[in-house]
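The values are calculated or read from the model by the stated rules, or taken from the named source; none is laboratory data. These numbers were taken from a predicted model, which means no experiment stands behind them. Every residue, glycine among them, receives a Cβ derived from its backbone with ideal geometry; neighbour counts consider all protein chains shown.
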Amino acid sequence: MTPPPTETAPLLEVRDVARTYPRPRAHPLAPRVFIPAVADVSLTLARGESLGVVGESGCGKSTLARLVTALEPPDRGTVRIAGADPHALPKATLRRLRRRIQMVFQDPMGSLDPRWTIARVIAEPLAGLAPEIPRADRRAHAADALAAVGLGAEALDRYPHQFSGGQRQRIAIARALVTHPDVVVADEPVSALDVSVQAQVLNLFLALRHRHGLALLFISHDLDVVRHVTERVMVMVQGHVVESGPTRDVLDRPAHPHTAALLAAVPRIEAAGQTHTRRGPTGGPASPRRVDSGPGCVYRARCPWAVEACAATAPALRPVGSDRTAACFRATEVMAAAPAAPRA
């Protein structure tokens, strides 16, 4: 399927955003310690583009999602949605801007009020973000949104518990679409679903992006899912972006040791019928506790490629090929050592 045309001006522009949270103190007199959840992350997303954000649990992916949707303000840096800074707008203008960016959460059952009918669940954003739409017309808008995700109008008077997990996620997507957004941020939208249902929801995202020209920010820990859905990808470690570029290029020939470690942890089925974990060392435990990395690279304690310079200076993102960047002093060597991943 040919990707939809993109526009030059970004719908979503994030520049050097950072967000820290205080660590719980052991006792009231202990000094306050702040943990960086997101550190100087930048990204752009134009109409029709899809960008994946991958990394381990706790790497800052969901915090980044809350920042780009203006659910939380950054400590520093800027977020612009359709050219506007949401945190500098009056409430009425911000409400109109929120219609242009919507979010799909990980747990469909947890994001749908079990006491509400599906009609009320889907129409709720219209009440807050599109008050000019009469109450009497909201049901029709909800029915249109359901139709867009492949569900019939008969679902409107039912309740969330009466649907399967895949259907509930379709309903959550319909709620995100009801305001006709330009950008959809999907935070682990299929991780709570059975494998048999995941493909249906992923194909729905692809169809909606091509049909409506949506810009999609897709957050996941599953590299195969990101490969299927996105055109570009960013890899995060402890709040930092350590690699970015076209999805297939990054996942076929990683330039950062952490990307290689994530790929090495993905089981593959060999021709002989044996499950085989992909090449290379993982570089340490899958979900490390966040520690103060000091002035050096945040990944160096687990990195099999670490050298003395990694402890002294954090490598900056630098070009490593066509439209690719990596934050590693030995990126060229890492790329050379990684055989191409088997394509799906």
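Run down Leu202, Leu216 and say which single residue is touching an Asp or Glu at 6+ places or on another chain (Cβ under 8 Å) and either among the basic types (Lys, Arg) or in contact (Cβ under 8 Å) with a residue 12 or more places away in the chain (or both). So that I can check it myself, show each step before the final result.
Working: Leu202 fails: touching an Asp or Glu at 6+ places or on another chain (Cβ under 8 Å).
Going through Leu202, Leu216 in turn, the sole match is Leu216.
Working only within the range 149-163, note down all residues that are surrounded by fewer than 10 Cβ atoms within 10 Å (Cβ to Cβ) and either touching a Phe, Trp or Tyr at 6+ places or on another chain (Cβ under 6 Å) or over 23 Å from Arg209 (Cβ atoms) (or both).
His161
Tally up the residues in the range 199-225 that are of a type in the set (S, T, N, Q) and surrounded by fewer than 18 Cβ atoms within 10 Å (Cβ to Cβ), please.
Total satisfying the criteria: 2.
Does Phe105 fit the bill of being crowded, with 19+ Cβ neighbours inside 10 Å and of a type in the set (Phe, Trp, Tyr)?
Yes.
State yes or no: is Gly48 part of a strand (DSSP E or B), at positive phi and crowded, with 17+ Cβ neighbours inside 10 Å? Give the derivation first.
Details: part of a strand (DSSP E or B): no; at positive phi: yes; crowded, with 17+ Cβ neighbours inside 10 Å: yes.
So Gly48 does not fit the description; no.
Do the conditions hold for Asp194, that is, is it under 18 Å from Arg100 (Cβ atoms), touching a Gly at 6+ places or on another chain (Cβ under 9 Å) and either of a type in the set (A, V, I, L, M) or in the same structural domain as Thr69 (by TED's automatic domain parsing) (or both)?
So Asp194 fails the test.
Can you spot a residue in the range 178-195 that is part of a helix (DSSP H, G or I) and closer than 30 Å to Thr44 by Cα?
No, the conditions are met nowhere in the range 178-195.
Counting just the residues of the range 178-198 that are touching a His at 6+ places or on another chain (Cβ under 8 Å) and on the phi < 0 side of the Ramachandran plot, which one comes out surrounded by the fewest Cβ atoms within 10 Å (Cβ to Cβ)?
Ser191
Which of (1) modelled with pLDDT of 90 or more; (2) under 30 Å from Ala92 (Cβ atoms) is the odd one out, the single condition Ala130 does not satisfy?
For Ala130, the exception is condition (1).
Return a yes/no flag: does the range 129-144 have any residue that is under 25 Å from the mean Cα position of the chain (by Cα), of a type outside the set (A, V, I, L, M, F, W, C) and surrounded by fewer than 18 Cβ atoms within 10 Å (Cβ to Cβ).
Checking the range 129-144: not a single residue is under 25 Å from the mean Cα position of the chain (by Cα), of a type outside the set (A, V, I, L, M, F, W, C) and surrounded by fewer than 18 Cβ atoms within 10 Å (Cβ to Cβ).
Restricting attention to the range 26-38, does a residue exist that is without any contact (Cβ under 8 Å) to a residue 12 or more places away in the chain, touching a Leu at 6+ places or on another chain (Cβ under 7 Å) and either not assigned by TED's automatic domain parsing to the domain that holds Ala316 or not in a helix (DSSP H, G or I) (or both)?
Within the range 26-38, not a single residue is without any contact (Cβ under 8 Å) to a residue 12 or more places away in the chain, touching a Leu at 6+ places or on another chain (Cβ under 7 Å) and either not assigned by TED's automatic domain parsing to the domain that holds Ala316 or not in a helix (DSSP H, G or I) (or both).
Residues being at pLDDT below 90 and surrounded by 13 or more Cβ atoms within 10 Å (Cβ to Cβ): count how many of those fall in the range 302-336.
Final tally of qualifying residues: 1.
Restricting attention to the range 196-222, which residues are closer than 18 Å to Val54 by Cα and hydroxyl-bearing (Ser, Thr, Tyr)?
Scanning the range 196-222 gives a single hit, Ser220.
Only one of (1) modelled with pLDDT of 95 or more; (2) of a type in the set (Gly, Ala, Ser); (3) farther than 20 Å from Tyr21 by Cβ is not met by Ala92, so which one is it?
Going through the list (1) modelled with pLDDT of 95 or more; (2) of a type in the set (Gly, Ala, Ser); (3) farther than 20 Å from Tyr21 by Cβ, Ala92 breaks only (1).
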